[in-house]
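Here's the structure, in structure tokens; my notes come after.
The values are calculated or read from the model by the stated rules, or taken from the named source; none is laboratory data. Being a predicted model, the structure only gives us computed values, none of them experimental. Every residue, glycine as well, gets a Cβ built from its backbone with ideal geometry; the counts of neighbours run over all protein chains shown.
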């Protein structure tokens, strides 16, 4: 069972809340203090990506964040509700841009596309254990960090 | 924590001091600021990130967008940053090769290469 589960409307202003909650639960779970910045950033990237996917596909369901304290690791799952497209997983961000021809410079579309790709680049650069999947029900980014067991006080 | 922005002119450079968190929610404000500066004819920008607590790929996208805009006017966009956790994001995305990153505002303002 998840230690903490969070669902939030796909709005940019809630991504910070997800970051704060994830970092707080990760700290409690025993994730190394030095890795908390990574947790914060990776969760933020995954949530920003999910929010972007929901908004650009007109999905009004919430973004899902599942934080689970396991025996020797702390895992985070960020799920979106945007179904996989024929182009395959991970291609959805590019598909969005394909729907709107890129006008160089001014439109901001190009930047938005850069951000989508860069978000995943940041996650894969930061997190050793990461898995990006996509299916008919939506996509999921799973990440985990090792934890050091804390001595439970009686 | 919200985003704070202030600008000042030093010689032919415009220094944009950014503070707080640059993320998917606040990055549009930074984008507006950079677009406005370029539209007003400031093509040599120094973005001081010493007081930035958090930066994600949305923020990187805005900085890259700003760089494209100033370059269209043969301008420059330099960054000032000493914080390891922020520099790390530039490194893993390969953007340290794209942006000149300086350790002090003075150095960035006087840089010519």
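Quick notes on this structure:
- Residues satisfying the stated conditions in the range B:12-31, i.e. in a helix (DSSP H, G or I), away from chain A (no Cβ under 11 Å) and either in contact with a helix residue (DSSP H, G or I) (Cβ under 7 Å, 6 or more places away or on another chain) or within 18 Å of residue B:75 (Cα to Cα) (or both): B:30
- Meets criteria (touching a residue at least 12 places away in the same chain (Cβ under 8 Å), within 13 Å of another protein chain (Cβ to nearest Cβ) and closer than 25 Å to residue A:72 by Cα) for residue A:23: yes
- Looking at B:80, B:52, B:109, B:62, just one residue is in contact with a helix residue (DSSP H, G or I) (Cβ under 7 Å, 6 or more places away or on another chain) and touching a residue at least 40 places away in the same chain (Cβ under 8 Å), and that residue is B:62.
- Check on residue A:131, modelled with pLDDT of 90 or more, away from every other protein chain (no Cβ under 14 Å), farther than 27 Å from residue B:68 by Cβ and assigned to a loop (DSSP other than H, G, I, E, B): no
- Matching option when the condition is under 30 Å from residue A:50 (Cβ atoms) and either more than 10 Å from chain A (Cβ to nearest Cβ) or at pLDDT below 95 (or both), among B:77, B:45, B:55, B:60: B:77
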